[in-house]
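Only one structure is covered here, and it is reproduced in the block below.
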There are 2 protein chains.
Amino acid sequence: MKQSVYDLTQQHRSIRNFKDEPLSDEVVKQLVEAGQMASTSSYIQAYSIIGVRDPEIKKALKEVSGQQYVVDNGYLFVYVIDYYRHSLINEKENGNMNTSFESAEGLLVGAIDVALAAENVALTAEDMGYGVVFLGSLRNDVAKVSEILDLPEHVFPLFGMAVGIPSDNDQGSPKQRLPFEHVFHENKYNADKVAQLEQIERYDKDIQNYYEQRTNGQRSETWSEQIVNMMSQKTRPDILERLNQKGFIKK
Amino acid sequence: MKQSVYDLTQQHRSIRNFKDEPLSDEVVKQLVEAGQMASTSSYIQAYSIIGVRDPEIKKALKEVSGQQYVVDNGYLFVYVIDYYRHSLINEKENGNMNTSFESAEGLLVGAIDVALAAENVALTAEDMGYGVVFLGSLRNDVAKVSEILDLPEHVFPLFGMAVGIPSDNDQGSPKQRLPFEHVFHENKYNADKVAQLEQIERYDKDIQNYYEQRTNGQRSETWSEQIVNMMSQKTRPDILERLNQKGFIKK
């Protein structure tokens, strides 16, 4: 008997080492079809999915991401926000749609559409026995990715996803999430500073213990420390400029 | 035997009429836990989920969305991008993190984190026999939603989701998506205008036939027409301003 989707979600962990077993075209098609059936805002369908097998293209994308698993995987997806077909309709109809898809609202709609589709792909792949990892790292150089993949205006590469059979030495390790009570608010948001800071402190201790146990005391880092280290430098400071160049958040 | 996740995705349709059967707290908790296990960018966990049972709050949110099913459902979720806890860490550590979460990159990370979690909730709920509908309509008035839900700075309401047992007279109807070949590109994006316009024309005819059959010829609309009608007026023109007010895309 198959497991429930709830159980499947609880087993999720990112996989970064895959066996050298390419996905079949049939599996790729099923995964994309699963993605396409996710909800889409007002039927806009503002995305496309690029499936990459070509080793040269994978290598070029790896230069952007810096991650070996962009090359070594069973298959590589790149998920793009796509208003190009809407722009063609607009051109054909001599319409006035640009202000819609070039707005901040248009960007949010596109990003949400893409991510809903991608999570359908992820869960479907995991249900089939594959492992996946998301690759936000493709945003390290949006101009380069656009060049490699021939992305026209109004198409923005949001993230990639490597898929494949997990290698025997990478079964991943589930990362302990923020406790339910931190993420879930009843009826209204609880912005009580003291309460939230206490929650964070407890979570920090849990995460510290987790790392210490997993690494025999070699690593001892709280979640707060990770967040501060990561976010104290502005990541991808050029994204607004790149969005503008690709025709997003123009007005 | 349970169905595969692939099969589950193919049966998805939005449900807008629910039976008067509230979800139990236990089911709500499971759904949120499913959401929490979705991938999150670099462990940032930039979201919170607000679960609404209070009829007064539902009613107030319905004023924003204009949709009766914001009130009449088994349960209502509101998904928010949440950097409030990161801002508290920043304050405590006297850090320099604002440029990160107030950037366009920070917004994208948050929107993606939220949507991945929400799609886990959607699929888990559907697997349990519930129906769901996403509510982008809450962005009609972000300031009002923020007031109703007490959202502090660095918390942005991205969308809602109504969940419940589908009523007997609403089993939904699956909307035919863009054909696989339109959405899927092999190795590189194919921006050939003539080819894409031909694809759109064929899809338009399919959609027109679909509506004509479903409505005995009373409705006859192509996808292009729907897109032009919807996008020719700028939807939610204030979103960039609202994002700025909530502390997003500041730099």
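A short reminder: the numbers here are calculations on the coordinates, not readings from a lab. Only a predicted model underlies this, so the values are computations on that prediction, with no experimental measurement involved. With ideal geometry, Cβ positions are generated from the backbone for all residues, glycine too; neighbour counts draw on all protein chains shown.
Quick check: from the Cα gyration tensor, does the stretch A:71-180 come out rounded (a/c under 1.5), prolate or oblate?
Because a/c hits 1.5 or more and a/b exceeds b/c, the stretch A:71-180 counts as prolate.
If you filter the stretch B:184-235 for trypsin sites (Lys or Arg not before Pro), then keep DSSP loop positions with at most 15 other Cβ within 10 Å, what is left?
Working: sites: B:Lys188, B:Lys193, B:Arg202, B:Lys205, B:Arg214, B:Arg219, B:Lys234; in loops: B:Lys188, B:Arg219, B:Lys234.
Filter output for the stretch B:184-235: B:Lys188, B:Arg219.
If you take the Cα centroid of the stretch B:106-153 and the Cα centroid of the stretch B:210-251, the two points sit 18 Å apart. What separates the Cα centres of the stretch A:24-95 and the stretch B:29-67 is a distance of 27 Å. Remark: the Cα gyration tensor places the stretch B:180-220 in the prolate category, a/c being 1.5 or greater and a/b exceeding b/c.
Would you mind checking the tilt of helix B:193-214 against the longest principal axis of the Cα atoms of chain B, expressed as 0 to 90 degrees and rounded to 10? Approximately 80 degrees, to the nearest ten.
Calculate how steeply helix B:55-65 sits against the longest principal axis of the alpha-carbon atoms of chain B, using the helix alpha-carbon long axis, and give the answer as 0 to 90 degrees to the nearest 10. Tilt of helix B:55-65: around 60 degrees.
Against chain B, whose longest principal axis is taken from its Cα atoms, helix B:104-127 shows a tilt of about 60°. Inter-copy label distances at B:Glu147, shortest first and taken from points set 7 Å along Cα to Cβ: 5.0 nm.
For A:Lys2, the point set 7 Å out from Cα toward Cβ sits 0.9 nm from its twins in the other copies, listed from shortest up. With one equal scatterer per alpha carbon and no solvent term, the Debye-computed log10 I(q)/I(0) for the protein assembly as shown at 0.08, 0.10, 0.12 1/Å reads -0.46, -0.75, -1.13.
Which value, in Å to one decimal place, does the Kirkwood hydrodynamic radius take for chain A when every pair of different Cα atoms is included? Spell out each step's value before the answer.
Details: mean 1/r = 0.0492 Å⁻¹.
20.3 Å is the Kirkwood radius here.
With label points defined 7 Å past Cα in the direction of Cβ, position A:Asn94 shows copy-to-copy spacings of 6.5 nm, given to one decimal and shortest first. Legend: mean number of C-beta atoms from other chains within 10 angstrom of residue C-beta atoms, peptide A:46-58, equals 3.
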